[in-house]
Amino acid sequence: MTKTANTMWGGRFAAGPDAIMEAINASIGFDQRLAAQDIAGSRAHAAMLAAQGIITDKDAEAIREGLLTVLSEIETGEFPFSTALEDIHMNVEARLKEIVGEPAGRLHTARSRNDQVAVDFRLWVRDQCDAVDTALKALIEALIGQAEQGADWVMPGFTHLQTAQPVTWGHHMMAYVEMFARDRSRFADARRRMNLSPLGAAALAGTSFLIDRHATAEALGFDGPMPNSLDAVSDRDFALEFLAASSICAMHMSRLAEELVIWSSAQFRFVKMSDRWSTGSSIMPQKRNPDAAELIRAKIGRIFGANVALMTVMKGLPLTYSKDMQEDKEQVFDAADNLMLAFAALTGMVGDMSAQPENLKIAAASGFSTATDLADWLVRELGLPFRDAHHVTGSLVALAEGKGVDLPDLSLDDIQSVHAEITEAVFEVLGVENSVASRTSFGGTAPSEVRKQIAAWKEHLG
């Protein structure tokens, strides 16, 4: 029966259950990315063991030098990773033993792979939060650059993807600045919460050795040790928070990517995408395809998927460690890779794209976009209740539709046929420039307000 099953599995699994077990159990294929963090944790642990008199200074020095050699071999691509040794921890320890001999065996005193992997992974995710913060700042700066250039360029604002009211290009860009700024705060908040060390929790119950967990926490840049050893080895909230923040940020990137796809189309012509971020068609020579934006839009699904996958892994696990948790890293690694790739592409596209002010203005003036300005004028100048003003404006829109023109193109006689008290002064609010200039409420689209927003953000970013 075993032979039949092995034949069905075929290929690399034909050798039998031992090969299958090695393949499913080994994590070195992906957790080798934790090498720098693993070695940092081991160095801090060895130094603490020596300071506490648990190992000799001589052994600690040999371990320190040996770990630096291992790190150098990994960084130069000379390190012989072995699937048989399962994971990064055992690979490093085995190579350390080859280099320094007996002292290597003392490194694992008062430590388990459970707290070792927990600290390695936490350090990696913390580093990734820092990388994301840098990438978000660059994207925000690119958006501010666009906003500053087009603070007074008029464009249509949309609801339901239908023309609603005129806004400015700068205001639209600054909306994304606000979104990505919230993302920065989410990652920063997650980083603060994850910045406690699980090292020293050992397998799950702590250790009888007189270790100093505060010392290792400080050496690794943590705010302190995690106060409960059970929680320390079983917690993956830090990874889930990273994925949750990544998912929200990725959603924002996808929304912007979607707008770039729409705006660069022949039907909109709001922006011209750089050749660096576009491709041609194999059959249609006129095409300029926004492939980078489309790929960002698609890759975001992998980040969402990683979030759901890790939540599903963790949802049924009793305390403390289960082998299921080996499946946490690939999800986070993949999400982080795609998030950083999306940042790089989107920042490049935003920095290189050219808005088309004339096309924006033409679109802003279509679709009766100043209807709300007309209703507001009727309230402000004629004292009409807003609901009555709304009705009058709707009648004027219907009249303009019937004539095949927009509101500013109606004659005064046409307008007065709907409401006799309307004067020629109404035309002052029917132009899109006047419309946006009047929106001076805090956070509004008026160029003066947009420039205030830009100045505030530039000061904040430093």
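So, of the residues in the range 184-207 that are polar (S, T, N, Q) and more than 19 Å from Ala46 (Cβ to Cβ), which turns out to be nearest to the chain's Cα centre (by Cα)?
Ser185
For residues in the range 404-427 being among the charged types (D, E, K, R) and surrounded by 12 or more Cβ atoms within 10 Å (Cβ to Cβ), which is farthest from the chain's Cα centre (by Cα)?
So in the range 404-427, the residues among the charged types (D, E, K, R) come out as 406, 409, 413-414, 421, 424.
From what is left, the residues that are surrounded by 12 or more Cβ atoms within 10 Å (Cβ to Cβ) are 406, 409, 414.
Details: Asp406: 42, Asp409: 46, Asp414: 52 Å.
Filtering the range 404-427 for residues that are among the charged types (D, E, K, R) and surrounded by 12 or more Cβ atoms within 10 Å (Cβ to Cβ), the one farthest from the chain's Cα centre (by Cα) comes out as Asp414.
Looking at Thr370, Thr347, which is the one that is of a type in the set (Ser, Thr, Tyr) and under 14 Å from Ile296 (Cβ atoms)?
On the way: Thr370 fails: under 14 Å from Ile296 (Cβ atoms).
Sole residue among the options that is of a type in the set (Ser, Thr, Tyr) and under 14 Å from Ile296 (Cβ atoms): Thr347.
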Restrict the check to the range 150-161 and report whether at least one residue is without any contact (Cβ under 8 Å) to a residue 40 or more places away in the chain and more than 24 Å from Ile362 (Cβ to Cβ).
no
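Tell me which residues, restricted to the range 266-279, are open to solvent by 30 Å² or more (accessible area, probe 1.4 Å) and either aliphatic (A, V, I, L, M) or modelled with pLDDT of 85 or more (or both). Walk me through it before giving the result.
First, the residues of the range 266-279 that are open to solvent by 30 Å² or more (accessible area, probe 1.4 Å): 266-269, 272, 275-277, 279.
Across the range 266-279, the qualifying residues are Ala266, Gln267, Phe268, Arg269, Lys272.
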Among residues of the range 64-98 being of a type in the set (S, T, N, Q) and in a helix (DSSP H, G or I), the residue nearest to Met48 (Cα to Cα) is Thr69
Given the conditions (1) assigned by the TED database to the domain that holds Val233; (2) open to solvent by less than 20 Å² (accessible area, probe 1.4 Å), and given that Asp334 satisfies all but one, which numbered condition is not satisfied?
(2)
Just name the residue that is farthest from Arg439 (Cα to Cα) out of those in the range 366-385 that are open to solvent by less than 50 Å² (accessible area, probe 1.4 Å), part of a helix (DSSP H, G or I) and aliphatic (A, V, I, L, M).
Leu382
Of the residues that sit in the range 87-128 and are under 29 Å from the mean Cα position of the chain (by Cα) and among the polar types (S, T, N, Q), which one is surrounded by the most Cβ atoms within 10 Å (Cβ to Cβ)?
Gln116
Scan the range 356-384 residue by residue and report those that are free of Cβ contacts under 8 Å to residues at least 60 places away in the same chain, farther than 22 Å from Gln146 by Cα and within 37 Å of the chain's Cα centre (by Cα).
none
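Return yes when Ala44 is among the aliphatic types (A, V, I, L, M) and more than 32 Å from the chain's Cα centre (by Cα) and no when it is not.
Numbers: among the aliphatic types (A, V, I, L, M): yes; more than 32 Å from the chain's Cα centre (by Cα): no.
So Ala44 does not fit the description; no.
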For the range 148-168, give me the residue count where each residue is in contact with a Gly (Cβ under 8 Å, 6 or more places away or on another chain), closer than 20 Å to Val429 by Cβ and in a strand (DSSP E or B).
7
Please verify whether the range 386-398 includes one or more residues that are under 27 Å from Glu148 (Cβ atoms), of a type outside the set (A, V, I, L, M) and open to solvent by less than 50 Å² (accessible area, probe 1.4 Å).
no
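Scan the range 352-365 residue by residue and report those that are among the small types (Gly, Ala, Ser) and open to solvent by 50 Å² or more (accessible area, probe 1.4 Å).
Of the range 352-365, the ones among the small types (Gly, Ala, Ser) are 354-355, 363-365.
Listed by number, the list holds a single entry, Ser354.
Tell me, which residue of the range 208-226 that is more than 30 Å from the chain's Cα centre (by Cα) and open to solvent by 70 Å² or more (accessible area, probe 1.4 Å) is nearest to Val117 (Cα to Cα)? Step through it out loud before you land on a result.
Residues of the range 208-226 more than 30 Å from the chain's Cα centre (by Cα): 208-216.
Adding the requirement that they be open to solvent by 70 Å² or more (accessible area, probe 1.4 Å) leaves 208-210, 214.
Numbers: Ser208: 20, Phe209: 20, Leu210: 21, His214: 18 Å.
This residue is His214.
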Cross-chain or 6+ apart pairs with Cβ under 9 Å, the range 425-443 first and assigned by the TED database to the domain that holds Leu412, then basic (Lys, Arg) and modelled with pLDDT of 85 or more
Val432/Lys361; Glu433/Lys361; Phe442/Lys452
Only one of (1) free of Cβ contacts under 8 Å to residues at least 12 places away in the same chain; (2) open to solvent by 50 Å² or more (accessible area, probe 1.4 Å); (3) under 29 Å from the mean Cα position of the chain (by Cα) fails for Ala175. Which number is that?
(2)
Please determine whether any residue of the range 416-430 is under 17 Å from Thr168 (Cβ atoms) and part of a helix (DSSP H, G or I).
no
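When you check Ala203 against the structure, is it crowded, with 18+ Cβ neighbours inside 10 Å and more than 30 Å from Leu360 (Cβ to Cβ), yes or no?
Working: crowded, with 18+ Cβ neighbours inside 10 Å: no; more than 30 Å from Leu360 (Cβ to Cβ): yes.
In short, no.
The values are calculated or read from the model by the stated rules, or taken from the named source; none is laboratory data. Remember, it's a predicted structure, so these values are computed and weren't measured experimentally. For neighbour counting, all protein chains shown are included, and Cβ atoms are generated from backbone atoms with ideal geometry for every residue, glycine included. Calculation scope for accessible area: heavy atoms of the full protein, side chains included, ligands and nucleic acids excluded. Shrake-Rupley method; radii C 1.70, N 1.55, O 1.52, S 1.80 Å.
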